[in-house]
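Everything below concerns the one structure shown next.
We did not get these values from a lab; they are worked out from the coordinates using the rules stated. Small disclaimer: the values here were computed from a predicted structure and weren't measured. Counting neighbours? That spans all protein chains shown, and the Cβs are built from the backbone with ideal geometry, glycine included.
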Amino acid sequence: MFHTGLRNPGACRTEESAEGTDLYFQRCAWCHTTTFQRLLCPTCGSTDLAPQLSDGEGVITVRRAHTAAEADLWPVHMAEGFVVRCRVDGPPHAVRPGVRVKLASAADTGRRPVVRLCEEVPLDGWF
């Protein structure tokens, strides 16, 4: 299991997050797998998926092949265990795999969630 280390309450500065943003994911009642916007559980195939509120914290993961239309979308592994493709609000040089993010605004109809970087990365390097 992928561990993000985000259960620490001080992991992200909450004042940078938008107030009242909610991101709901689904948890399977049978095998407890978490997923995002699915009709069936990807593990056991159950349709008994219950909505749950996410803490909104995650880590940007490696982006595989993408089209030009998806150039600004990054997969984010959320602390609860599901992955969601998000737009990342932050300087382009700082958006890379392994960077922690916090939900900035929830998904509306036809739109992707927006996340903000939790820590700034200097221009002269990643370390």
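Taken over segment 82-104, the criterion of being assigned to a strand (DSSP E or B) and within 14 Å of residue 23 (Cβ to Cβ) is satisfied by 83, 84, 85, 86, 87, 101, 102, 103, 104. Filter segment 30-71 for residues that are small (Gly, Ala, Ser) and exposed (fewer than 15 other Cβ atoms within 10 Å of the Cβ); which is nearest to the chain's Cα centre (by Cα)? My answer is 71. Residues of segment 16-75 that are in contact (Cβ under 8 Å) with a residue 60 or more places away in the chain and in a loop (DSSP other than H, G, I, E, B): 17, 18, 21, 22, 23.
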